[in-house]
Amino acid sequence: MKMNMFRSIMLLTAVLTFFTAQAQTVTKDEVLFTVAGQPVTKEEFLYVYRKNNPDKQNDYSKESLQEYLDLYINFKLKVTEARAERIDTTEKVREELQKYGDQLIKSNFDKEVLEQAAQKMYGRMQTERMVYHIMIGVDTKAPGADTLAAITKLNGARERIVKGEDFSKIAKELSTDKTSPNDPGLVGWVIAGQIPDPTFENAVFETAVGGVSPVIKTKYGYHIIRVTKERPAQGTVTAAHILVKTPKEAKPEDIAKAKSKIDSIYNLLKTDAATFEELATKLSDDKSTAANGGKLEPFTTGKMVLPFQEAAFALKNPGDISAPVQTSYGWHIIRLIEKKPMGTYAEMKDELKGKIERSPEYKDLRADFVNKAKQRYAFTENTDAKKEMLATLDSAFVKNTWSMQQAKGMNKVMFSIGNKQFTQSDMASYLEINQRITRDKNIEEKYNKLYAQALEQTVIEYDLSERNVDFRRLLQEYRDGLPLFAMLERKIWSRGSTDTAGLRAYYEIHKTEYMWEERVEATTYICKDSKTAKAVRKLAGKNVSDKDIMAKFNKDSVQLVTVKTALYLPGQDSNVDKLNKTPGIGEDMLNADGSIQFVKLNKVIPPTPKSLDEARGYVISAYQDQLEKEWIEELHKKYPVSVDKQVFNSMVR
């Protein structure tokens, strides 16, 4: 049936197979056969032969190779016809091709790039760095003079620091970041993956301990970074705390009052007058944790204010309690619940990859990959063709109803990389499919976003294809298999189930292939009690009709007898089988509810053809097979196939 056919196509195309692609060197290979002049190499054939015949890895006999060659030629004939019919231009197929293509591209890009980034992050996570910075905030849309002034000021500050001038003094003087007035420029202990700006993080870990970074730019402005200390990673801590709050603008008396209260709580803990959980529940001002005994979520370096963090990580053993600690929130007593070292890379790999993928760094990784590929393969762009495409867009594009028909006949190259060209027609198709993914109300802004996405995806695909033969082949299998699947859906599978006249004609010719085995007709009588069963058995033995029997015993709402007549194959009913295909009445059987049941075998029915309805699934499957066989014969007549016997024989061993 249809699903069997689908599996056979997938066997050849491996459309849903994702595997770890290994980079291979592309070499020129001998042509094994051609279909309509299109070559298929010996290398390609052996690749699919090995992949789709895992149980024949060492079988290169002539018979096995010929069997698969016949299948592969038929597959290529169907692909050729699908291309000729332009099945890949239908909207549904274009959407499917892009979806599967994007998944494959992302999967291979992530294996190559994201894996390296995760390993790099894990390596950096082995240490923590104490970081200070001086920042001059500059709006991203600020004029060039403001930007230049900020850079000049920071370069001057850096020179002063290198010459020995006090960092804190300069930070207090120049930095627009005033979040740490008591320790100007303090960022705190930093671990990899914690700061949302990859440029800032790179500077933190690329600057030598004791050194000062060059001026860097982030979305917040311009910075110079100073790294003062480095220590091994502290891991993760789970702790509980009791908080006595102080007001934001606390006066000395407020602080003293809070200190007195926290000291009294601390003394209760030291004398075991109450448990930590009891005191946290009753006395802590952190109501979000008090009900749970003060327990906090596990945290790493950088997740808590510095005094709290340092006190928590300083505790050695579960159950240890800190002396009162002052932070900007008030006074705390901290109890250690658990301290865990950092996990192995294998344990953290998926978490790290997910973190990078959700961060701005992932966008930077893709952009860097694209820029390198552009340089490697001589990227060119046609800005005039890009503007022409923009001119075809109207309000329908903003409403997500724009059709590529509005760009019909436009086929200029918009950009190219290596030997791949991306045309206006390609862009029109991309815009039609993807116009819903952005909600921009400005036509040009929306167009530029989608153009940039199409360019990025095309460049990544080209680069992966050039360097990775397995990726290139699998991507081509998608592009061959999906249109072919759509064509078979239309030409074979739908027709096989909806062509009632053709199906009926096929059945009439082949109905003797769908035979029932010898069956029996039997009637089962279920009677309310033995007295009723005895009377019913007597009537059944006299061949009184079932209708008359039920009329006699079932009156009004009282039902004493149930009767069921059916056809049975051997093994379907053990009570029928006991009669051994001999007409007559079987013995009484007592059911769990006290009713009595017996079977009457009426007659033996010789083998007969199943009706079309009874055999419909099998007939449809066979009819589809015939339609496909006839179609392949037509394709062999339509498209010339030429096999190089010498190349074929070179594979036999």
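Details
- Any hit, the stretch 507-520, residues being of a type in the set (S, T, N, Q) and on the phi > 0 side of the Ramachandran plot: no
- Flag if Ala142 is open to solvent by less than 20 Å² (accessible area, probe 1.4 Å), modelled with pLDDT under 95, within 45 Å of the chain's Cα centre (by Cα) and over 30 Å from Gly123 (Cα atoms): no
- Considered as a group, the residues in the stretch 488-517 that are of a type in the set (Ser, Thr, Tyr) and modelled with pLDDT of 90 or more include one that is farthest from Lys610 (Cα to Cα), and that residue is Thr500.
- Residue match in the stretch 245-264 (condition: in a strand (DSSP E or B) and within 30 Å of Lys349 (Cβ to Cβ)): no
- Residue count for the stretch 447-461, restricted to those that are out of contact with any helix residue (DSSP H, G or I) (no Cβ under 7 Å at 6 or more places or on another chain) and crowded, with 20+ Cβ neighbours inside 10 Å: 2.
- The set of residues in the stretch 152-193 being open to solvent by 50 Å² or more (accessible area, probe 1.4 Å) and among the aliphatic types (A, V, I, L, M) consists of Val162, Val187.
- Restricted to the stretch 605-619, and to residues there that are part of a helix (DSSP H, G or I) and open to solvent by less than 40 Å² (accessible area, probe 1.4 Å), the residue that is modelled with the lowest pLDDT is Gly617.
- Selection within the stretch 317-328: residues that are in a loop (DSSP other than H, G, I, E, B) and at pLDDT 95 or above. The member of this set that is least open to solvent (accessible area, probe 1.4 Å) is Ser322.
- Spans of helices (runs of 4 or more DSSP H) in the stretch 436-500 with at least 2 residues more than 28 Å from Lys76 (Cβ to Cβ): 443-467
- Of the residues making up the stretch 382-434, those that are open to solvent by 50 Å² or more (accessible area, probe 1.4 Å) and in a strand (DSSP E or B) are Lys420, Gln421.
- Enumeration of residues in the stretch 80-102 that are under 18 Å from Glu630 (Cβ atoms) and either β-branched (Val, Ile, Thr) or outside any helix (DSSP H, G or I) (or both): Thr80, Glu85
- A Cβ distance below 8 Å, combined with a sequence gap of six or more or placement on separate chains, defines the contacts here; from the stretch 39-56, residues that are on the phi < 0 side of the Ramachandran plot reach residues that are open to solvent by 50 Å² or more (accessible area, probe 1.4 Å) and among the aliphatic types (A, V, I, L, M) in the pairs Pro39/Val31; Val40/Val31; Thr41/Val31; Lys42/Val31; Asn52/Leu11.
- Residues of the stretch 507-561 classified as in contact (Cβ under 8 Å) with a residue 12 or more places away in the chain, among the hydroxyl-bearing types (Ser, Thr, Tyr) and open to solvent by less than 60 Å² (accessible area, probe 1.4 Å), total: 6
- Under the condition of being out of contact with any helix residue (DSSP H, G or I) (no Cβ under 7 Å at 6 or more places or on another chain) and either among the polar types (S, T, N, Q) or in contact (Cβ under 8 Å) with a residue 40 or more places away in the chain (or both), the residues counted in the stretch 581-610 number 14.
The values are calculated or read from the model by the stated rules, or taken from the named source; none is laboratory data. What you see is a predicted model; the values in this text were computed from it and never measured. Because the Cβ atoms are built from the backbone with ideal geometry, glycine has one as well, and the counts that use them run over all protein chains shown. The accessibility values were calculated without ligands, DNA or RNA, using every heavy atom of the protein model including side chains. Shrake-Rupley method; radii C 1.70, N 1.55, O 1.52, S 1.80 Å.
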